[in-house]
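*Asks:* If you scroll down you'll find the structure; I have some questions about it.
The values are calculated or read from the model by the stated rules, or taken from the named source; none is laboratory data. The structure displayed is predicted, hence computed values, not measured ones. Counting neighbours? That spans all protein chains shown, and the Cβs are built from the backbone with ideal geometry, glycine included. Ligands, DNA and RNA are stripped out before the accessible areas are found, and what is left, the full protein with its side chains, is counted by its heavy atoms. Shrake-Rupley method; radii C 1.70, N 1.55, O 1.52, S 1.80 Å.
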Amino acid sequence: MSNPDPQQLIDDLDQILDQERTALMAGDLAKLEDLLAKKEKIIGKLNSVSELEREALEQVQTKLTRNQDLLDSAMNGIRSVAARMAELRRIRKGLDVYDQSGRRTRFGTRSGAKLEKRA
């Protein structure tokens with residue numbers, strides 16, 4: 001098996017990072033799994049190459065950092081949505097209120113009740 005060309009590996013990684021950014025910006029999280037596998041494979045090969053020039057890696061490093069920031073933002077958004085949905089489920093089960101002495105009372109909601117919107 002021949003050693004891969006380091007510049008070709010860097011170019012392949014650069015292309016994958018662009019695809020990853022596009023998927024993140026479009027919210028296509030399903031596509032990220034396949035891209036992650038490809039990215040890890042190329043990074044593994046790059047780690048085995050001893051003669052890498054720092055300048056050649058600077059551009060992909062910038063893209064890696066940018067994509068990581070996008071991934072972090074996406075995860076924060078998903079966590080926020082999950083927290084909001086959990087709060088809405090909790091509210092649907094009932095409402096907790098406190099009386100003047102600080103005792104908590106729960107008012108349950110009827111399971112079949114629906115809100116009616118009026119104009």
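*Asks:* Out of (1) more than 18 Å from the chain's Cα centre (by Cα); (2) assigned to a helix (DSSP H, G or I), the odd one out for ALA82 is which?
*Replies:* Going through the list (1) more than 18 Å from the chain's Cα centre (by Cα); (2) assigned to a helix (DSSP H, G or I), ALA82 breaks only (1).
*Asks:* Separate question: Please go through (1) of a type outside the set (Gly, Ala, Ser); (2) more than 19 Å from the chain's Cα centre (by Cα); (3) assigned to a helix (DSSP H, G or I) for LEU52 and return the number of the only condition it doesn't satisfy.
*Replies:* Single failed check for LEU52: (3).
*Asks:* Scanning the range 76-112 for residues that are among the hydroxyl-bearing types (Ser, Thr, Tyr) and more than 27 Å from LYS31 (Cβ to Cβ), which turns out surrounded by the most Cβ atoms within 10 Å (Cβ to Cβ)?
*Replies:* Checking each candidate, the answer is THR109.
*Asks:* While we're on this one: Within the range 14-40, which residues are of a type in the set (Asp, Glu) and open to solvent by less than 50 Å² (accessible area, probe 1.4 Å)?
*Replies:* Residues satisfying the conditions are ASP14, GLU20.
*Asks:* Could you tell me whether the range 41-49 includes any residue that is over 30 Å from THR109 (Cα atoms), among the aliphatic types (A, V, I, L, M), at pLDDT below 85 and open to solvent by 90 Å² or more (accessible area, probe 1.4 Å)?
*Replies:* no
*Asks:* Something else: Would the range 56-75 turn up any residue that is open to solvent by 60 Å² or more (accessible area, probe 1.4 Å), out of contact with any Lys or Arg (no Cβ under 7 Å at 6 or more places or on another chain), assigned to a helix (DSSP H, G or I) and farther than 30 Å from GLN7 by Cα?
*Replies:* yes
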